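The values are calculated or read from the model by the stated rules, or taken from the named source; none is laboratory data. Model, not experiment: these values are computed from the prediction. Cβ: placed from backbone, ideal geometry, glycine included. Neighbour counts: every protein chain shown.
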Amino acid sequence: MTALRPAVFLDRDGTLNVQTVRNGKPYSPATAEEFQLLPGVAEGCRALKTAGFALVVATNQPDVGRGVLAPAAVEAMHAKLRALVPEIDRIEVCYDREDGARRRKPEPGMLLDAAAALDLDLGRSWMVGDRWRDVDCGRRAGVRAVFIDFGYAEELKAQPEFKVRSFAEAVEVILSRDP
Ligand SMILES: [Mg+2]
């Protein structure tokens, strides 16, 4: 029998990389050049990996389904992300609404698919994100949710286990509970 590993599931935009905020609403980067890591992310991912967590990015990219962003642009951003954070084990992407019935956050499909592929223990895992969809997705997948609150003009639906103000703080919370 394979031993199941715990994971930290990571939202992408606003959690790992910088977003532009206009009128209280966050917008995602469209090119690899625009794709920049937030402070503390590379170090935080290294610390989580050292503590024994698998790292899985789970990201909705609905602009691809809408035809305003090319899949190749997303792939270029993810190549950059993997180069900057080599500790990442897997990147799950949901491009469109059809797929979204099961995989688009707040649905838990991306987390469940990664758990099946990597033999992950959801009961010992975490979800980190900056939007209500991340919190709800984590709760639906049966993992603990850490919400990074940037004060967007948006209400949460489900409540997270923890609320923090930065990625570094999210890592601190996780490592203090599951060292
Ligand atoms: Mg986000």
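Output the residues belonging to the range 19-66 that are within 15 Å of the ligand (Cβ to nearest atom), of a type in the set (Val, Ile, Thr), surrounded by fewer than 20 Cβ atoms within 10 Å (Cβ to Cβ) and at pLDDT 95 or above. Once the filter is applied, which keeps residues that are within 15 Å of the ligand (Cβ to nearest atom), of a type in the set (Val, Ile, Thr), surrounded by fewer than 20 Cβ atoms within 10 Å (Cβ to Cβ) and at pLDDT 95 or above, the range 19-66 yields nothing.
For every residue, the table says whether it meets (1) within 25 Å of Lys163 (Cα to Cα); (2) within 16 Å of the ligand (Cβ to nearest atom); (3) at pLDDT 95 or above; (4) not in a loop (DSSP other than H, G, I, E, B).
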site	(1), (2), (3), (4)
His78	no, yes, yes, yes
Pro86	no, no, yes, no
Arg102	no, no, no, no
Leu111	yes, yes, yes, yes
Ala117	no, no, yes, yes
Gly123	yes, no, yes, yes
Val135	yes, yes, yes, yes
Val146	yes, yes, yes, yes
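Across the range 12-50, what is the total count of residues that are among the hydrophobic types (A, V, I, L, M, F, W, C) and in a loop (DSSP other than H, G, I, E, B)?
Applying the first criterion (among the hydrophobic types (A, V, I, L, M, F, W, C)) to the range 12-50 yields 16, 18, 21, 30, 32, 35, 37-38, 41-42, 45, 47-48.
With in a loop (DSSP other than H, G, I, E, B) added as a condition, the list becomes 16, 18, 30, 32, 35, 38.
Here the count works out to 6.
Inclusion of Asp130 among residues that are under 15 Å from the mean Cα position of the chain (by Cα), within 16 Å of the ligand (Cβ to nearest atom), crowded, with 18+ Cβ neighbours inside 10 Å and charged (D, E, K, R) is warranted.
Of all the residues in the range 155-179, those that are touching a Gly at 6+ places or on another chain (Cβ under 8 Å) and more than 22 Å from Gly109 (Cβ to Cβ) number 5.
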